[in-house]
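Undergrad: Here it is, the structure in full.
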Amino acid sequence: MLEKKYDPGSVEATWYAFWEEKGYFSPEFQAAGKAYAITIPPPNVTGELHMGHALQHAIHDAVVRWKRMQGYRTLCLPGTDHAGIATQMKVEQQLFAEEGKGRHDIGRETMLGRIVAWKQQYGGTILKQLREMGCSYDWDRERYTMDRSYARSVLSAFVRFHERGWVYRGRRMVNWCPSCGTVISDLEVEEREHEGHLWHIRYPGLEGGPDVVVATTRPETMLGDTGVAVHPEDRRWQRAIGKRVMLPIMDRPIPIVADRYADPEMGSGAVKVTPAHDPNDYDIGLRHGLPEIQVIGFNGEMTGEAGAYRGMDRFACRNAVIADLKELGLLERIEDYEHMVPHHDKCGTSIEPLPMDQWFLAMRSLADQALPALKKRKIKYVPDRFREYSVEWLENIQDWCISRQIWWGHRIPVWTCEGCGKMLVRVDAPDRCDACGSRDLAQDPDVLDTWFSSALWPFATLGWPDQAEDLKTFHPTDLMITGRDILYLWVARMIMTAVEFVDEIPFGTVLVHPTVQTRDGKRMSKSLGTGIDPRELIKRYGADATRLSLLYQCGSSQDVRFDADVVDNHLQDSPITESCRNFCNKIWNAARFVQMNLERDDVHSAATPQVDPFDTADRWILSQYNHTVCAVTGSLEAYRFDEASRTLYEFVWNAYCDWYLEIAKVRLNDVDPEPGTTARRVLVHVLEGALRLLHPMAPFVSEALWQQLPHSGEALIVAKWPEADRRRFDETAEREMALLRKVVGTIRNIRGTMRVPPGRRADVHLKVNSVEVANVLTRFEVYLGALARVADLRIGADIVRPPASASAVLKDVEIFVPLQGLIDLDLERKRLKKEIEKMEALLGGLDRKLSNTGFLNNAPAEVVTKEKGRHAQYRSALGRLNENLEAVTS
RNA sequence: GGGCGAUUAGCUCAGCUGGUUAGAGCGCUGGUUUCACAUACCAGAGGUCACUGGUUCGAGUCCAGUAUCGCCCACCA
């Protein structure tokens, strides 16, 4: 016997262990099916589950479970990313906290050992959290971007790119993070708004030339200025071009050059040029042969080139330079200035653009190879607009700086012979030089950008470069589910590498899911205190409710405003998740009811049970059920999880529980056993099907209940996905039930308004306009009795309004509830007047419509006929309402 | 600066290709401890569909513009 309440905690661990033990997560379980594969976007090994992950994996697991039930040989491959910078940072922090040491104090090898140890101890907690969510992934195939075989894939890719001639060493302006001590990619740069200043500085003219006033947001960089640029057509500066000015403080004469970069509209029209510290200035420097003077070092402190400021922190230096300029009387003006400052998204340090030698990967050919797949829609994007953006991004792609000056990662497989200088590029470390035989080989100290390894994810996890069985079976994969933020950074690169290395697009569909925001549309972030830990949701409402709530809110727009109150990163409450929990409890109790009423010989049958053809309720719920099967399947096919969950919620709660189950109670209590038997079979059949539909979205409660009901097969997780039986669509039953619901609702309304005590039965007289309606209502007599608490029911065309009765007018039925002694005439008049007003408004609208010749001439005939019919109906209803009002007025 | 998305009840959101009285959940009001469920049941109140124009017989739905919020991209001192 089921408990009175659904307790997620006691169910989740048990069934998860059961599934895993039985091996249902492995595609081998369905050896016969057609393959369906997803490789999950590997979260950082340092990561912890946040709401974005929770949504992403609610989707992943819903799709995977659904496909598994459809009989596919389903693989969802999990894993983690070694996240070079993030992981190294974490271990460095730990090292510093515990021993007060930096990584250079312990050396590269020791540091790497520490990181490996750290991963073994703490890494991958996020994968455990995915299990708590119920994710049915193939843990036997779990991969890590630093495991041995994955490393082989990564190095092989590098070597092949090198053979193609696409890997090169070049000097470029790169984004340097002084805190992490490494270059980072453009895509890891986050522009943050900064309320700073614009300092206007006077550079005194030399050789009879004019003084120049330049403006800057970074005065400390002036120490490295090697020129001033003006626009070649700027008339104010014609005579100054070619002359020099004196750079203050450094007392270095620097030239005034003509360059189109200078904007005559801005300030004085002259711009200072610091080739070593600004990407634009770097280009100007190249065009005019200006020297680079690097005054800010890689550690963020001023270099020897900064003269007296040497060793000073870059921000302290800014203040010092300003003070000194002020003293020299050369600081013309200070303006408040709001602008964007680039920061490293991982550590929050403001990045320093610096020219450096780095490894690059030429992207043009890779992009060109991949573009046709996108343009010809070989990959489906959901929503499609993201395909367009990806095309645009690939068309304007820049070469990729792939080297990083950190230790944790795939070390660049390039060795230089100390003997003859030859460069060796190998997957396996060479022990001697090909050319001169020297054993004195030095490996490049840098490691590859973490995204270089994740770019290979779909096929590297399946065994590439080997001709692995999994690669043949599961590649190309079917679906890639991702957020917008890494659409280019990651997804576009996976497409390019797959086309290059396995000559296939890596996935058939890219599903771009919404971003989870706070209720008021703000970014959900721990540092803002607006983050929710999904585990708090799970703990409070259960994993199923958490998943349902995420899916229920996952519509076609680009954001999900998660309905929850959060204070200080802690969940206060989440109304929508609570609703979902209540839904789980609802279906739990529906199952409990069915279970309580089961008899020994009730077995589950996949076939639709025989129904009494005259029983509208049976036919109706089967019709509704089969429509629900269609709708839910269709919604899942369109990845509309909000629709799928809403449809199911409404079916279970508003159709099955509110109406069918209540009607079934009447039948189960019938003295004749026959109606009860049919009702039990229908109850079981429909509930069993609803549980199957629910399983992808709420796996735990559905499995737990399914196991308690008559069923065939050993587990719901591998049960067959329902197929709609269209022969059960039944318009007549739908129409008749709609009438019953309307009549019951109206009687309840009258009872409520007239404050008829709920326990008290009341007589009801129904005046009908046709024999057909009379017959339908007569068949519903017992249901009306139970659902609307009717005592004596009279039905007929010749019903006369009983005295002292409340009344209501429906399309085919006029309802009278005699209430001698109970009726409050004022209330009844008010009720009727309200109805009359409503009806008059409707009628007014229709009058206008039907007297509009434009409408009569242009609207389709069927619409006109329909509106005329409605007009007649409303007119008659209004007449009867007025009669009834008169009857209670006299 | 460019692109995209959103704007419907107090809150979170549905509303497909334009055509019955714009829906749901939560919240609110009133009633019910009725033998599945008080995490429930029954009823009720609550909306000039952001604004302004346009197309149309007819617009929440299509088009244009405006406003507000948000996201992505962009080297402007």
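Undergrad: It is to be established whether one or more residues within segment A:149-168 are open to solvent by 30 Å² or more (accessible area, probe 1.4 Å) and either within 16 Å of RNA strand B (Cβ to nearest atom) or aromatic (Phe, Trp, Tyr) (or both).
TA: Yes, segment A:149-168 contains a residue that is open to solvent by 30 Å² or more (accessible area, probe 1.4 Å) and either within 16 Å of RNA strand B (Cβ to nearest atom) or aromatic (Phe, Trp, Tyr) (or both).
Undergrad: Residues in segment A:711-725: is at least one modelled with pLDDT of 90 or more and within 11 Å of RNA strand B (Cβ to nearest atom)? Spell out the reasoning first.
TA: Step one: of segment A:711-725, the residues modelled with pLDDT of 90 or more are A:714-725.
With the extra rule that they be within 11 Å of RNA strand B (Cβ to nearest atom), the set shrinks to none.
No.
Undergrad: Which one of A:VAL427, A:VAL414 is away from RNA strand B (no atom under 16 Å from the Cβ), modelled with pLDDT of 95 or more and either surrounded by fewer than 22 Cβ atoms within 10 Å (Cβ to Cβ) or among the charged types (D, E, K, R) (or both)? Explain how you work it out, then say what you get.
TA: On the way: A:VAL427 fails: modelled with pLDDT of 95 or more.
Step by step, each of A:VAL427, A:VAL414 is checked, and only A:VAL414 is away from RNA strand B (no atom under 16 Å from the Cβ), modelled with pLDDT of 95 or more and either surrounded by fewer than 22 Cβ atoms within 10 Å (Cβ to Cβ) or among the charged types (D, E, K, R) (or both).
Undergrad: Determine the pairs where a residue that is in contact (Cβ under 8 Å) with a residue 24 or more places away in the chain, located within segment A:389-414, has a partner that is among the basic types (Lys, Arg) and in a helix (DSSP H, G or I) with Cβ atoms under 6 Å apart, the partner being 6 or more residues away or on another chain.
TA: A:TRP407/A:ARG108
Undergrad: Ok, one more. Which numbered condition in (1) assigned to a helix (DSSP H, G or I); (2) open to solvent by less than 60 Å² (accessible area, probe 1.4 Å); (3) more than 10 Å from RNA strand B (Cβ to nearest atom) is the only one that A:ARG535 fails?
TA: It is condition (2) that A:ARG535 fails.
Undergrad: Would you say A:ALA316 is more than 24 Å from A:VAL212 (Cα to Cα), open to solvent by 40 Å² or more (accessible area, probe 1.4 Å), free of Cβ contacts under 8 Å to residues at least 40 places away in the same chain and not in a strand (DSSP E or B)?
TA: Details: more than 24 Å from A:VAL212 (Cα to Cα): yes; open to solvent by 40 Å² or more (accessible area, probe 1.4 Å): yes; free of Cβ contacts under 8 Å to residues at least 40 places away in the same chain: yes; not in a strand (DSSP E or B): yes.
Yes; evaluated as a whole, the condition is true for this residue.
Undergrad: Quick one: which helices (runs of 4 or more DSSP H) sit completely within segment A:1-117 and have at least 3 residues that are away from RNA strand B (no atom under 16 Å from the Cβ), basic (Lys, Arg) and surrounded by 13 or more Cβ atoms within 10 Å (Cβ to Cβ)?
TA: Working: elements: A:8-22, A:51-69, A:84-99, A:103-106.
Passing ranges, in order: A:51-69.
Undergrad: Among the residues of segment A:645-677, write down those that are within 22 Å of A:VAL560 (Cβ to Cβ) and away from RNA strand B (no atom under 11 Å from the Cβ). Steps first, please.
TA: Just the residues of segment A:645-677 that are within 22 Å of A:VAL560 (Cβ to Cβ), to begin with: A:645-650.
A:LEU648, the sole residue that qualifies.
Undergrad: Residue check: is A:VAL560 farther than 18 Å from A:GLU643 by Cα, crowded, with 21+ Cβ neighbours inside 10 Å, within 16 Å of RNA strand B (Cβ to nearest atom) and under 16 Å from the mean Cα position of the chain (by Cα)? Reasoning before the result, please.
TA: On the way: farther than 18 Å from A:GLU643 by Cα: no; crowded, with 21+ Cβ neighbours inside 10 Å: yes; within 16 Å of RNA strand B (Cβ to nearest atom): yes; under 16 Å from the mean Cα position of the chain (by Cα): yes.
Answer is no for this residue.
Undergrad: Tell me, please, whether a residue that is more than 8 Å from RNA strand B (Cβ to nearest atom), within 13 Å of the chain's Cα centre (by Cα) and free of Cβ contacts under 8 Å to residues at least 40 places away in the same chain can be found in segment A:518-528.
TA: Keep residues of segment A:518-528 that are more than 8 Å from RNA strand B (Cβ to nearest atom), which gives A:518, A:524-528.
Restricting the remaining residues to those that are within 13 Å of the chain's Cα centre (by Cα) gives A:524.
When the remaining residues are screened for being free of Cβ contacts under 8 Å to residues at least 40 places away in the same chain, the result is none.
Scanning segment A:518-528 turns up no residue that is more than 8 Å from RNA strand B (Cβ to nearest atom), within 13 Å of the chain's Cα centre (by Cα) and free of Cβ contacts under 8 Å to residues at least 40 places away in the same chain.
Undergrad: Suppose we filter segment A:169-189 for residues that are over 21 Å from A:ARG364 (Cα atoms), surrounded by fewer than 18 Cβ atoms within 10 Å (Cβ to Cβ) and not small (Gly, Ala, Ser); how many remain?
TA: 1
Undergrad: Please list, ordered by residue number, the strands (runs of 3 or more DSSP E) wholly in segment A:158-232 having 1 or more residues that are under 37 Å from the mean Cα position of the chain (by Cα) and small (Gly, Ala, Ser).
TA: Details: elements: A:167-177, A:182-184, A:189-203, A:212-216, A:227-230.
Answer list for segment A:158-232: A:189-203.
Undergrad: Let me confirm something: among A:ALA631, A:ALA704, which residue is within 34 Å of the chain's Cα centre (by Cα), touching a residue at least 40 places away in the same chain (Cβ under 8 Å) and within 15 Å of RNA strand B (Cβ to nearest atom)?
TA: On the way: A:ALA631 fails: touching a residue at least 40 places away in the same chain (Cβ under 8 Å).
Every option except A:ALA704 fails the conditions.
Undergrad: Cβ contacts < 8 Å: first residue within 10 Å of A:HIS871 (Cβ to Cβ), restricted to segment A:836-853; second residue more than 9 Å from RNA strand B (Cβ to nearest atom) and open to solvent by less than 70 Å² (accessible area, probe 1.4 Å), any location; separation 6+ or different chain. Result?
TA: A:LEU843/A:HIS871; A:LEU843/A:LEU878; A:LEU846/A:HIS871; A:ASP847/A:HIS871; A:LEU850/A:HIS871
Undergrad: Also: What pairs come up if the first residue lies in segment A:202-215 and is closer than 13 Å to A:LEU325 by Cβ and away from RNA strand B (no atom under 11 Å from the Cβ), the second is open to solvent by less than 30 Å² (accessible area, probe 1.4 Å) and in a strand (DSSP E or B), and their beta carbons are under 7 Å apart, counting only those six or more places apart or on different chains?
TA: That search, which allows pairs on different chains as well, returns A:TYR203/A:VAL212; A:TYR203/A:VAL214; A:TYR203/A:VAL228; A:TYR203/A:VAL245; A:TYR203/A:LEU247; A:PRO204/A:VAL245.
Undergrad: I need the full set of residues from segment A:343-368 which are touching a strand residue (DSSP E or B) at 6+ places or on another chain (Cβ under 7 Å), open to solvent by less than 20 Å² (accessible area, probe 1.4 Å) and closer than 25 Å to A:VAL159 by Cβ, in order please.
TA: A:GLN358, A:TRP359, A:PHE360, A:LEU361, A:MET363 - these are the residues of segment A:343-368 that are touching a strand residue (DSSP E or B) at 6+ places or on another chain (Cβ under 7 Å), open to solvent by less than 20 Å² (accessible area, probe 1.4 Å) and closer than 25 Å to A:VAL159 by Cβ.
Undergrad: Okay, next question. Filter segment A:419-469 for residues that are under 28 Å from the mean Cα position of the chain (by Cα) and outside any loop (DSSP other than H, G, I, E, B) and give the result. First the steps, then the outcome.
TA: Narrowing segment A:419-469 to residues under 28 Å from the mean Cα position of the chain (by Cα): A:449-462.
Scanning segment A:419-469 gives A:THR450, A:TRP451, A:PHE452, A:SER453, A:SER454, A:TRP457, A:PRO458, A:PHE459, A:ALA460.
Undergrad: Given the options A:LEU290, A:LEU331, A:LEU286, A:LEU371, name the one that is over 26 Å from A:GLU193 (Cβ atoms), surrounded by fewer than 20 Cβ atoms within 10 Å (Cβ to Cβ) and within 16 Å of RNA strand B (Cβ to nearest atom). Let's see the steps before the verdict.
TA: On the way: A:LEU290 fails: surrounded by fewer than 20 Cβ atoms within 10 Å (Cβ to Cβ); A:LEU331 fails: over 26 Å from A:GLU193 (Cβ atoms); A:LEU371 fails: within 16 Å of RNA strand B (Cβ to nearest atom).
So the residue among A:LEU290, A:LEU331, A:LEU286, A:LEU371 that is over 26 Å from A:GLU193 (Cβ atoms), surrounded by fewer than 20 Cβ atoms within 10 Å (Cβ to Cβ) and within 16 Å of RNA strand B (Cβ to nearest atom) is A:LEU286.
Undergrad: For segment A:374-383, what are the residues that are open to solvent by 60 Å² or more (accessible area, probe 1.4 Å) and either outside any helix (DSSP H, G or I) or out of contact with any helix residue (DSSP H, G or I) (no Cβ under 7 Å at 6 or more places or on another chain) (or both)?
TA: Filtering segment A:374-383 down to residues open to solvent by 60 Å² or more (accessible area, probe 1.4 Å) leaves A:375-378, A:380.
Within segment A:374-383, A:LYS376, A:ARG377, A:LYS378, A:LYS380 meet the criteria.
Undergrad: Helices (runs of 4 or more DSSP H) wholly in segment A:787-890 with at least 1 residues that are surrounded by 15 or more Cβ atoms within 10 Å (Cβ to Cβ) - which ones? Full working, then the answer.
TA: Working: elements: A:825-850, A:853-858, A:861-889.
Ranges flagged: A:825-850, A:861-889.
Undergrad: For segment A:374-386, name all the residues that are within 13 Å of RNA strand B (Cβ to nearest atom) and free of Cβ contacts under 8 Å to residues at least 24 places away in the same chain.
TA: Once the filter is applied, which keeps residues that are within 13 Å of RNA strand B (Cβ to nearest atom) and free of Cβ contacts under 8 Å to residues at least 24 places away in the same chain, segment A:374-386 yields A:ASP384, A:ARG385.
Undergrad: When the residues of segment A:253-281 are narrowed to those that are in contact with an Asp or Glu (Cβ under 8 Å, 6 or more places away or on another chain) and surrounded by fewer than 21 Cβ atoms within 10 Å (Cβ to Cβ), which ends up farthest from A:HIS200 (Cα to Cα)? First the steps, then the outcome.
TA: Step one: of segment A:253-281, the residues in contact with an Asp or Glu (Cβ under 8 Å, 6 or more places away or on another chain) are A:254, A:261-262, A:264, A:269, A:271-277.
Imposing the further condition that a residue be surrounded by fewer than 21 Cβ atoms within 10 Å (Cβ to Cβ) reduces the set to A:261, A:264, A:269.
Numbers: A:TYR261: 19, A:PRO264: 16, A:GLY269: 12 Å.
In this case the residue turns out to be A:TYR261.
Undergrad: Name the residues in segment A:470-484 that are assigned to a helix (DSSP H, G or I) and either of a type outside the set (D, E, K, R) or open to solvent by less than 10 Å² (accessible area, probe 1.4 Å) (or both), would you?
TA: As a first pass, look at segment A:470-484 and keep what is assigned to a helix (DSSP H, G or I): A:470-474, A:484.
Of everything in segment A:470-484, those that are assigned to a helix (DSSP H, G or I) and either of a type outside the set (D, E, K, R) or open to solvent by less than 10 Å² (accessible area, probe 1.4 Å) (or both) turn out to be A:LEU471, A:THR473, A:PHE474.
Undergrad: Being modelled with pLDDT under 90 and open to solvent by less than 10 Å² (accessible area, probe 1.4 Å) is the requirement here; does A:GLY759 meet it? So that I can check it myself, show each step before the final result.
TA: Numbers: modelled with pLDDT under 90: yes; open to solvent by less than 10 Å² (accessible area, probe 1.4 Å): no.
No: the conditions fail for A:GLY759.
Undergrad: Got a sec? Which of A:GLY134, A:GLY113 is within 25 Å of A:SER26 (Cα to Cα) and small (Gly, Ala, Ser)?
TA: Details: A:GLY113 fails: within 25 Å of A:SER26 (Cα to Cα).
A:GLY134 is the lone residue from the list that is within 25 Å of A:SER26 (Cα to Cα) and small (Gly, Ala, Ser).
The values are calculated or read from the model by the stated rules, or taken from the named source; none is laboratory data. Remember, it's a predicted structure, so these values are computed and weren't measured experimentally. Don't worry about glycine lacking a Cβ; one is built from the backbone with ideal geometry, like all the others, and counts go over all protein chains shown. Note: accessible area is taken over every heavy atom of the protein model, side chains too, but ligands, DNA and RNA are not part of it. Shrake-Rupley method; radii C 1.70, N 1.55, O 1.52, S 1.80 Å.
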